[in-house]
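Values quoted throughout were computed directly from the atomic coordinates according to the rules given, and no laboratory measurement underlies them. Because the structure is a prediction, the values reported are computed rather than measured.
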Amino acid sequence: MNSRLLKDVKSLKMPLFAICLLVLMGCKKDVVEVSVDAFSDLNAEIKQVQGVNSLQFTLQEFPYKEVGVKLGANKSKWYQKDGFTLIIANQVSSSRYGIFFNSLTPNTTYYYQIYVKNASGKEISSDLFSFTTNP
């Protein structure tokens, strides 16, 4: 009888192994994509003090790979992707960023757009905003 039981157990090994393997393969982690609207509460603030201009803004918290600003004075060239300068922003708090820019022409309208890049390098940009420098 023991020999019959031993044969039955041995014959079950392979199907049990296959079932365990299928269960383990089915337990892979699903990738969860998180959607973040980086620009939902920008609270952008332009300051001009003694010829030094600064821009500070707030982004939704996220581990961005890069945060920056595109700045240019020629709106008609903006969409040709050569009418602006890229400036990397500095993080000043957990969700607040800022840049300084000098040598802007007085009494000139400048256009800017904030952009972020995620870990895979995908870039997303805000709306286009403008400000005018002091005379």
**Fill in**
Length gained if S120 through S94 is fully extended, taking 0.36 nm per residue and subtracting the Cα-Cα distance, is 7.2 nm
**Prompt:** Which entries in K70/K117; K47/K117; K70/K122; K47/K122; K75/K122; K77/K117 show an alpha-carbon gap greater than 21 Å?
**Reply:** K47/K117; K47/K122; K75/K122; K77/K117
**Asked** Normalised by the number of residues in region 45-132, what is the relative contact order in percent for Cα pairs under 8 Å and 6+ residues apart?
**Response** 32
